[in-house]
Each structure stands twice: as C-alpha cells, then as structure tokens.
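Engineer: If you scroll down you'll find the structure; I have some questions about it.
The values are calculated or read from the model by the stated rules, or taken from the named source; none is laboratory data. All figures in this text were calculated on a predicted structure; none of them were measured in a lab. Neighbour counts are summed over all protein chains in view; Cβ atoms, including those assigned to glycine, are modelled from backbone coordinates with ideal geometry. Keep in mind that these areas ignore ligands, DNA and RNA; they rest on the heavy atoms of the full protein, side chains included. Shrake-Rupley method; radii C 1.70, N 1.55, O 1.52, S 1.80 Å.
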Amino acid sequence: MSQEAFFEIGEILYQKYRQIRYSLLERLMPSKDLEILAKHFPYYAKLSPKNQKAFRKKLAYFISIKKFVPRGGLEAVTREMVVLISATAVMVAYGFDSVNFLHFKKILVYPDNYYSTITKQYHKGEVNPKLGIIVVSWSNFVHGLGHAQDGINLGIHEMAHALKLENLIHYNNESNFFNPRTWKAFEDLANQEIALIDNGGESIFRNSATRNLHEFFAVAVEVFFEKPAELKSARAELYETLAVLLRQDPLVLFQEF
C-alpha cells in the first residue's frame with residue numbers, strides 16, 4: 001500500500017470516528033440544553049429540523065473540548081452560560097464542518113466589564129491568541145442576546161475575531177478555511193465602507209468598525225447575523241461576499257425544510 005493510500009484511509013476512518021462521536025454527544029445532550037437553545041438562541045430556533053440536528057452535533061462537540069473558567073468574582077460558569085456562549089461560536093463557524101476553534105482551549109467568563117492589566121483599560125471581551133483564550137463579560141453577552149436585531153452582539157463579535165485568527169493558525173489543521181479570493185473581495189468592500197464612514201457617509205455599520213480591517217470584520221459579522229435582511233438591502237454585494245466567506249446565508253438557512 002502506498003503512503004498516499006494509507007493516509008487517505010486514515011482520513012476516512014478519522015472522519016467516520018468524528019461522525020460517530022458527534023452523533024453520540026448530540027444524543028446525550030441534556031434536555032435542559034435544548035430548552036436553553038429553544039428559549040434563548042433565536043438562530044437555532046429558526047433553523048429547520050435538519051439544520052438543528054447538525055447544529056446540536058457541533059455544539060455538543062464544542063462544549064466537550066472547551067474549558068470554561070469563572071473570573072472576576074464570578075462564582076461559577078453556569079450551564080446556561082456554557083450553552084449560549086458555545087452556541088454563539090458554533091453559529092459563527094456553522095458553515096465549516098471541521099472548524100471548532102481548536103486553538104482556543106479556554107473561555108473565561110467575567111460577570112461584567114473587567115480591567116486589563118495589559119491594556120490598562122476596561123474591556124467587555126477579547127480574544128488572546130497567544131494564551132489561546134476567548135474572554136466575555138456575561139452582562140454584555142446577555143445584552144447582545146436580548147437585543148438580537150440591533151447589530152451589536154458581544155458574543156458574535158469575539159467569536160468572529162477568533163474565527164479570523166483560527167484561519168491563520170497552522171499547527172492544528174484548522175487554517176486556510178477562508179477562500180482567499182473571497183477574503184480579498186471582502187477586504188476591498190470593507191475598505192470602501194471604511195472610507196465612506198470616515199468621510200461622513202451613511203452606513204449600516206457603527207463607527208467603531210473603521211478602527212481597522214479586523215474590527216470591521218467582527219462588526220460586519222455581527223450585522224450579518226443580527227440584521228441579515230437589512231444588510232442585504234443596504235449592501236447586497238458585501239452581504240453576498242460574507243455569505244460565501246462564511247459558507248452560510250441566514251436568510252436561506254431559515255427557509256430550508
């Protein structure tokens with residue numbers, strides 16, 4: 001047997017193992033988790049039964065490989081926190097079957113805004129690739145969930161940053177999942193929109209999106225998920241480019257049966 005054939009068989013067996021593990025984890029999900037999703041996570045609630053099942057599989061796996069750490073006086077990370085934060089990550093990466101933010105092994109949860117000894121500023125959330133952590137403040141995370149159509153969502157914002165960074169990290173086989181040509185198209189459109197905002201033009205994106213391309217991407221992903229119809233109406237080309245880049249279109253997903 002050639003080395004190439006050996007590795008090909010190995011990859012097939014690995015994919016079969018992943019499918020079995022995903023299915024088992026999904027079947028073992030507590031009913032309370034499903035209640036949390038149905039009640040507090042609009043994206044999941046709007047999915048077709050078929051897509052809900054796929055979502056649950058990714059969610060169960062994501063939860064199984066992450067460590068959630070309470071910080072800043074938070075006594076414990078509750079199951080609701082685990083499910084909703086994880087669901088946000090799964091939503092952002094839903095279009096990529098094999099992407100589970102493997103570089104980011106820990107998710108730190110603060111009760112509210114927290115002070116960073118590194119930046120000497122208060123933060124609502126952040127992503128630290130050096131330490132492999134994602135940080136969210138629960139009060140701001142909940143506010144984003146509770147105002148699901150204003151285009152401002154801390155959880156989506158931080159997971160978008162993490163997704164973009166994961167695309168550049170090569171050691172764990174989760175890199176280069178963004179199509180380079182599509183990313184270039186997004187980059188060109190983003191720079192046009194940043195220039196428009198900087199010159200006082202009307203935009204669907206908030207002013208903080210102009211800080212740099214990384215920040216624009218995170219803000220754009222927030223709007224993509226929370227205001228898809230409005231974004232498509234206002235900036236159709238940018239919306240379609242994001243849909244191709246993320247390999248999902250919320251407006252289409254919600255219509256599948």
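Engineer: Return the sequence-ordered ³J(HN,Hα) values of segment 118-133 in whole Hz as given by the Karplus equation 6.51 cos²θ - 1.76 cosθ + 1.60 applied to θ = phi - 60°, using x for Gly and Pro.
Structural biologist: After applying 6.51 cos²θ - 1.76 cosθ + 1.60, I find 7, 8, 6, 9, 8, 10, 9, x, 6, 10, 10, x, 5, 8, x, 10 Hz.
Engineer: Related question: How far apart, in nanometres, would the label points at Asp97 and His214 be if each is projected 7 angstrom from Cα along the Cα-to-Cβ direction?
Structural biologist: 3.1 nm
Engineer: Using θ = phi - 60° and the Karplus form 6.51 cos²θ - 1.76 cosθ + 1.60, what ³J(HN,Hα) does each residue of segment 227-242 get, whole Hz, x for Gly and Pro?
Structural biologist: With the stated coefficients, segment 227-242 comes to 9, x, 5, 5, 5, 5, 5, 7, 9, 4, 5, 5, 4, 5, 5, 5 Hz.
Engineer: Relative contact order for the chain using alpha-carbon pairs under 8 Å, separation at least 6, rounded to a whole percent?
Structural biologist: Numbers: 335 pairs, mean separation 43.4, N = 257.
It comes to 17 percent, rounded to a whole number.
Engineer: Give me the net charge of Gly132's neighbourhood, meaning all other residues with Cβ under 9 Å from the Cβ of Gly132; Lys, Arg count +1, Asp, Glu -1.
Structural biologist: On the way: positive: Lys105, Lys106, Lys130; negative: none.
With Lys, Arg at +1 and Asp, Glu at -1, the net is +3.
Engineer: Could you do me a favour and compute the accessible area per residue for segment 109-255, 1.4 Å probe, result in Å²? Could the numbers behind the result be given before it?
Structural biologist: Details: 7210 Å² over 147 residues.
Averaged over the residues of segment 109-255, the accessible area is 49 Å².
Engineer: Once ligands and nucleic acids are excluded and a 1.4 Å probe is used, how much of Asp188 is accessible, expressed in Å² to the nearest 10?
Structural biologist: For Asp188, the solvent-accessible surface is approximately 60 Å².
Engineer: So, one more: Just to verify a number: FRET efficiency for Lys32 and Arg71, C-beta to C-beta distance, R0 = 22 Å, to 0.05? Walk me through the numbers on the way to the answer.
Structural biologist: Numbers: r = 24 Å, r/R0 = 1.10.
Efficiency, rounded to the nearest 0.05: 0.35.
Engineer: Work out how much length His143 to Ser48 would gain on full extension: take 0.36 nm times their residue separation and subtract the Cα-Cα distance, in nm to one decimal. Working shown, then result.
Structural biologist: Working: separation 95, 0.36 × 95 = 34.20 nm, distance 2.59 nm.
Result: 31.6 nm gained on full extension.
Engineer: Given 0.36 nm per residue, what is the gain on full extension from Glu240 to Leu196 after removing their alpha carbon distance, in nm?
Structural biologist: Working: separation 44, 0.36 × 44 = 15.84 nm, distance 1.94 nm.
Roughly 13.9 nm would be gained on extension.
Engineer: While we're here: For the chain, what % of the accessible area comes from carbon and sulfur atoms, probe 1.4 Å?
Structural biologist: Numbers: 7300 of 13490 Å².
Its accessible area is 54 percent carbon and sulfur atoms.
Engineer: Counting trypsin sites (Lys or Arg not before Pro) as exposed when in a DSSP loop with at most 16 other beta carbons within 10 Å, what is the longest stretch of the chain free of them? Walk me through the numbers on the way to the answer.
Structural biologist: Numbers: sites that count: Arg71, Lys105, Lys120, Lys130, Arg206, Arg211, Arg247.
That would be 131-205.
Engineer: Net charge around Gly151, counting only other residues with Cβ within less than 9 Å of its Cβ (Lys, Arg = +1; Asp, Glu = -1)? Don't skip to the answer; put the middle values down first.
Structural biologist: Values: positive: Arg206, Lys227; negative: Asp150, Glu222, Glu226, Glu230.
Neighbour charge sum, excluding Gly151 itself: -2.
Engineer: Sticking with this one: Percent antiparallel among DSSP beta bridges with both residues in the chain, to the nearest 5? Before the final figure, lay out the partial values.
Structural biologist: Details: 7 of 16 bridges.
Antiparallel bridges make up about 45 percent of those DSSP assigns within the chain.
Engineer: Now a separate question. Given segment 75-153, what percent of its DSSP beta bridges are antiparallel, to the nearest 5?
Structural biologist: Values: 7 of 12 bridges.
The answer is about 60 percent antiparallel.
Engineer: Please give me the summed charge of the neighbours of Ile197: other residues whose Cβ is under 14 Å from its Cβ, Lys and Arg +1, Asp and Glu -1.
Structural biologist: Working: positive: Arg206, Arg211, Arg235; negative: Glu193, Asp198, Glu202, Glu215.
Net of charged neighbours comes to -1.
Engineer: Label points 7 Å out from Cα along the Cβ direction at Ser116 and Lys184: separation in nm?
Structural biologist: My value for the distance between the label points is 3.2 nm.
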